[in-house]
Amino acid sequence: MTFDMLAKEQLHKHFFAFSLQSSDLIGSGKFQWKQNGEFHLFNPSSVHLLQHSTKTNNYNLFKKYTNEVNNQAERACTLRSLFDFKKGTGVPLEEVEPIENIMKRFATGAMSFGSISEEAHTTLAIAMNRIGGKSNSGEGGEDAARYVKLENGDSSRSAIKQVASGRFGVTIDYLTNADDLQIKMAQGAKPGEGGQLPGHKVDANIARIRHSIEGVGLISPPPHHDIYSIEDLSQLIFDLKNANPQARISVKLVAKAGVGIIASGVAKAHADHILISGFDGGTGASPLSSIMHAGLPWELGLAETHQTLVKKPTQRSCHLTNRWTDQKWKGHSNSNHARRRRVGYSYCCTCCEWVYSDAQVSSQYLPCWYCHPR
């Protein structure tokens, strides 16, 4: 935005504040839907179609709902609504993946038990397990009884288990019963706050599963308390990989200017998967000021992250792929290199960090213990 745009926006607000009678003030509808306010994707029409179609199992009504949400040509609400498909030749059906393969990439949003009901939380997990997709537990824990398959063969276990400071029901059972372990670094709609559950919603069952006290509000401590640096994140990734060696480690970041650089550090800390979240979400507990003024649309953050991670490697990052030989490094005259070598340090050939080695090794450049635990 330019200064002229900012000035025009403020003058527009000033006009409505001082040029009209108080009874004529128009509600903007930024936070809550208003009949004369700005357009929302979730409005009385779309919500009614969604609820009615699912209650009656009416596919035609459901198609009306999807058309209501997807038809944003004249009232764009999202960045993706400004794009359209190019007209061209259709892809031959034999080149299209089977539906079973496509559904394996389906995943639900991370919605904690407590922010949504136990029935909804369980149903989402069963649905994803039936089609081979993945449901996300959110950071609110999960009942251990769900780790056992039901009599009809269904599983209500969430494949993705989320961790945010380990406060909410994160036990070794919770960690080992997962295909993905997701570290929740931040949430776009609540910067520096994370999960939030008011005390009046914390009943006896939620308190039991989250290992907390009934009636006491729950909130992730800012900024998730244990992670102040990329080294802290690397340590947590290492710990989770030891808790569940078969699980993929995911890190949730929020779209913002510079998120690509943050994502490169997360990749260097050996995360297997990086999720870019947008500025929306928060299951209704987000402060109003945060909703409007924190984070960016996920499309912008994803684009920046992708561009950063696929950039042409620099000379130093070439070392990550072992393109530099021992001879090239030995040819470098580096007093700091020699000093560190004398006191027992080695240069890791995977993460490009100096690491202490208490054993005499044949090479000065070896995978460190964090990259390849021995």
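Read-outs: derived from the displayed coordinates by stated rules, not from any lab. Everything numeric here is computed off the predicted structure, so don't read it as measured data. FYI the Cβ positions are ideal-geometry reconstructions off the backbone, even for glycines, and counts take in every protein chain you see.
Can you tell me what share of the DSSP beta bridges in the range 98-309 is antiparallel? A percent to the nearest 5 is fine.
Details: 2 of 19 bridges.
The answer is about 10 percent antiparallel.
Subtracting the Cα-Cα distance from 0.36 nm times the residue separation, let me have the gained length for ILE213 to ILE172 in nm, one decimal. Don't jump to the answer; show the numbers that get you there.
Details: separation 41, 0.36 × 41 = 14.76 nm, distance 2.04 nm.
Going from the current span to full extension adds 12.7 nm.
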- Task: Can you list which of the GluC sites (Glu not before Pro) found in the range 1-94 are DSSP loop residues with at most 12 other C-beta atoms within 10 Å?
- Result: GLU38, GLU74
- Item | Net length gained if the chain between ALA145 and GLU100 were fully extended (0.36 nm per residue, minus Cα distance) | 13.4 nm
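Identify the trypsin sites (Lys or Arg not before Pro) of the range 66-168 meeting these criteria: DSSP loop state and at most 15 other C-beta atoms within 10 Å of the C-beta. Write out the running numbers ahead of the final one.
Working: sites: ARG75, ARG80, LYS86, LYS87, LYS104, ARG105, ARG130, LYS134, ARG146, LYS149, ARG157, LYS161, ARG167; in loops: ARG75, LYS86, LYS87, LYS104, ARG105, LYS149, ARG157, ARG167.
For trypsin sites (Lys or Arg not before Pro) across the range 66-168 that sit outside H, G, I, E and B with at most 15 neighbouring Cβ atoms in 10 Å, the list reads ARG75, LYS86, LYS87, LYS104, ARG105, LYS149.
How do PHE85, PHE62 rank when sorted from fewest to most other Cβ atoms within 10 Å of their own Cβ? It would help to have the intermediate numbers written out before the result.
Values: PHE85 5, PHE62 16.
The order, fewest Cβ neighbours first, is PHE85, PHE62.
Which of the three applies to the range 34-73, rounded, prolate or oblate, going by the alpha-carbon gyration tensor with a ≥ b ≥ c and a/c under 1.5 meaning rounded? Before the final figure, lay out the partial values.
Numbers: a/c = 4.13, a/b = 1.72, b/c = 2.40.
Taking the square roots of the gyration eigenvalues as a ≥ b ≥ c, the range 34-73 is oblate.
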- Task: List, in order, the whole-Hz ³J(HN,Hα) value for each residue of the range 51-64 obtained from phi through the Karplus relation with A = 6.51, B = -1.76, C = 1.60 and θ = phi - 60°; use x for Gly and Pro.
- Result: 5, 5, 5, 6, 5, 9, 6, 9, 5, 5, 5, 5, 5, 5
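Would you list MET103, MET111, MET1 from fewest to most Cβ contacts within 10 Å? If you can, show how the numbers build up before the last one.
Numbers: MET103 14, MET111 20, MET1 7.
Going from least to most buried by this count: MET1, MET103, MET111.
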- Note on the structure: Filtered hits (lysines, Cα-Cα < 25 Å from LYS252, offset >= 8 within chain) -> LYS104, LYS134, LYS161, LYS184, LYS190, LYS241, LYS268, LYS311, LYS312
- Using every pair of alpha-carbon atoms in the range 44-164, split the distances into 5 Å bins beginning at 0 and state the percent of pairs per bin, rounded to integers. 2, 9, 13, 13, 18, 19, 14, 7, 4, 1, 0
- Note on the structure: Neighbour-count ranking for HIS52, HIS200 (other C-beta within 10 angstrom, fewest to most) reads HIS200, HIS52
